[in-house]
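What follows is a short report on a single structure.
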Amino acid sequence: MSRRADPPLTGPTTELLQALIRGACVNDGTPGSGEEHRNASVIDDALDGLPGVGRTVFEPLPGRRSVVHTLPGSDPDAPTILLLGHTDVVPVNAAEWRHDPFGGELIDGEVWGRGAVDMLNLTSAMATSFAHLATRGRPPASTVRFLAVADEEAGGTWGANWICANAWDEVACDYVLTESGGMTLDAPDGMRVVFAAAEKGVAWRRLTVHGTPGHGSMPFGADNALVTAAEVVRRIDAYDPAPQLHSFWTGWVAGLDVPDALREALLDPGRVREAIGALDAGQAGYAHAVVHTTFSPNMVRGGIKTNVIPDTVELDIDIRTLPGVEEADVDRMVADALGDLADRVTVTPVIDGRTATRSPIETPMFDLLARRAAAVHDGAEVLPWMVVGGTDAAFFRMRGVPSYGAGMYDPSMSLAQFQRRFHGHDERIDTTSLGLSAQLYVDLADGIADATRS
Ligand SMILES: [Zn+2]
């Protein structure tokens, strides 16, 4: 399927990815899940005995193990790079897969399994490139760290968030490279390569809806918290704050293959809502999320018995904020959505303090990413991209470290293809992309010192 010879690090990256998929570090959000000690051991085996390399282990809960390896560079003034790869994956519905989701099988040039695009592919490429840099007999000018981290898929509580808060010196760096980058997009005027430079904030809220208990046999005139909650859910779902047409949006729209009239409407604040509805379903969800702070009512708990009118119902709302939206804005928006029901609802933060983050793109590292993308993809331009979910990059951006989603993929791995496979059934990756990503990290480690001086 690939149009070129596989890059030199393809073989070892493929084998390591297979092993990490078989590690099956499934994170369902409970503290006892993940069991990332298994993939930490896989990484240890791959990096065992590297000359001059330091190693620190973090295990804030039994089994939730992360490991950072550090290769000192030859030039103390060169920027330090942190390769940030998570080792956990999200659960699967195995019955819907054509091949074993934890088999790591190599079939017709593709490795199959949960994590093949999120993000064990890049984690294995990071490990392989790190080992290559440490053993080739010539260290890079830059110090390179590789952090194989637990618990990304449940918000980093036992992984990146914990490490940044408790052991910052072990992971301190000038740039972070992590997931969500390198996928291609066929724009009308040529190929784009997307690299994430921003992501939305996370502001989950629990809404406790209050009523009055009573006997289920006499519902007339009752103050039933579940009935109120139904209206609360409807109002939250219908709430749609004004769109913000920021630079990540205009760049993305420029790369869309749509008629000019639709493109103009997408860039018009008065018509953008309607225009998003005219996109195909695969694009519309991202398009809506990237220009709005979004509210999704996703969990409900309430009631104690069929014959008891409930006095309390809890609703969990997944709220994702745009850059510039602060905690107080979120609470004001929730109150707006609730309207005259606000005094019957108690709002409690579940996740706060995690506002949207973005990194400058006027940096030597982003320039270098652009040059590598152009070299691999025949002059392709880059598209700085905003992730609408959450990644561990946020914890580093909050501490002022420019952080980018950075891999490199075969052109067959379009952005749309990537988004379909991300957390989807039949997740898989071609081996050429594995080698291209590993080569990218070697090139960045070798190139960033000169790029910074020039
Ligand atoms: Zn991921």
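A few comments on the model shown:
- Under-5 Å amide H pairs with residue 214, H placed in peptide plane, nonlocal only: 309
- Per-residue HN-Hα couplings for region 75-83 [Karplus 6.51, -1.76, 1.60; θ = phi - 60°; Hz; x = Gly/Pro]: 10, x, 8, 6, x, 8, 9, 10, 8
- Residue 96 paired with residue 77, simple spin-label distance in nm, labels 7 Å along Cα-to-beta-carbon: 5.5
- Helical runs (DSSP H, four residues minimum) scored at -39500 (n - 2.57) apiece and divided by the length of the chain put the mean residue ellipticity at 222 nm at -10500 deg cm²/dmol.
- Near residue 387, the amide H atoms lying under 5 Å from its own belong to 197, 198, 199, 200; only residues 5 or more places off or on other chains count, and H is placed 1.01 Å from N.
- Residue 438 sits among other residues whose Cβ lies under 14 Å from its own Cβ, and their net charge, with Lys and Arg +1 and Asp and Glu -1, is -4.
- Using the Karplus relation 6.51 cos²θ - 1.76 cosθ + 1.60 with θ = phi - 60°, the per-residue 3J(HN,Hα) values for region 187-195 come to 7, x, 9, x, 6, 10, 10, 8, 10 Hz, with x marking Gly and Pro.
- For region 228-259 versus region 1-67, the gap between their alpha-carbon centres in whole angstrom: 36
- Theoretical gain in end-to-end length, residue 227 to residue 172 [0.36 nm per residue, Cα-Cα removed]: 14.7 nm
- The gain in end-to-end length when the residue 238 to residue 423 segment is fully stretched comes to 63.9 nm, 0.36 nm per residue minus the alpha carbon separation.
- Among residues other than residue 339 with Cβ under 15 Å from its Cβ, the summed charge is -3 (Lys and Arg +1, Asp and Glu -1).
- In a DSSP loop and with at most 11 other Cβ atoms within 10 Å, there are no trypsin sites (Lys or Arg not before Pro) in region 350-441.
- Antiparallel DSSP beta bridges within region 1-154, as percent of all bridges there, nearest 5: 65
- Per-residue Cβ neighbour rank within 10 angstrom, fewest leading, 245, 133: 245, 133
- For region 1-100, trypsin sites (Lys or Arg not before Pro) are listed when DSSP marks them as loop and at most 16 other Cβ atoms sit within 10 Å of their Cβ; the list is 3, 4, 98.
- Residue-wise HN-Hα coupling along region 216-223, computed from phi with Karplus coefficients 6.51, -1.76, 1.60 (Hz; x: Gly, Pro): x, 7, 10, x, 4, x, 6, 9
- Note: relative contact order over region 37-87, using C-alpha pairs below 8 Å and six or more positions apart, is 35 percent.
- Region 200-297: chymotrypsin sites (Phe, Trp or Tyr not before Pro) in DSSP coil with no more than 10 other Cβ atoms inside 10 Å: 220
- Residue-count net charge about residue 300 - beta-carbon cut-off 10 Å; Lys, Arg +1, Asp, Glu -1: -1
- Using alpha-carbon coordinates, inclination of helix 281-291 to the longest axis of the chain, degrees: 80
- Alpha-carbon centroid distance for the pair region 342-405 / region 169-188, whole angstrom: 8
- Taking amide hydrogens as placed 1.01 Å from N in the peptide plane, the amide H of residue 182 sits under 5 Å from those of 194, 195, 196, 407, each at least 5 positions away in sequence or on another chain.
Only the coordinates and a few stated rules stand behind these numbers; no lab work does. None of the values given here were measured: they were computed from a predicted structure. Quick reminder, even Gly has a Cβ in these numbers, built from the backbone with ideal geometry, and neighbours come from all protein chains shown.
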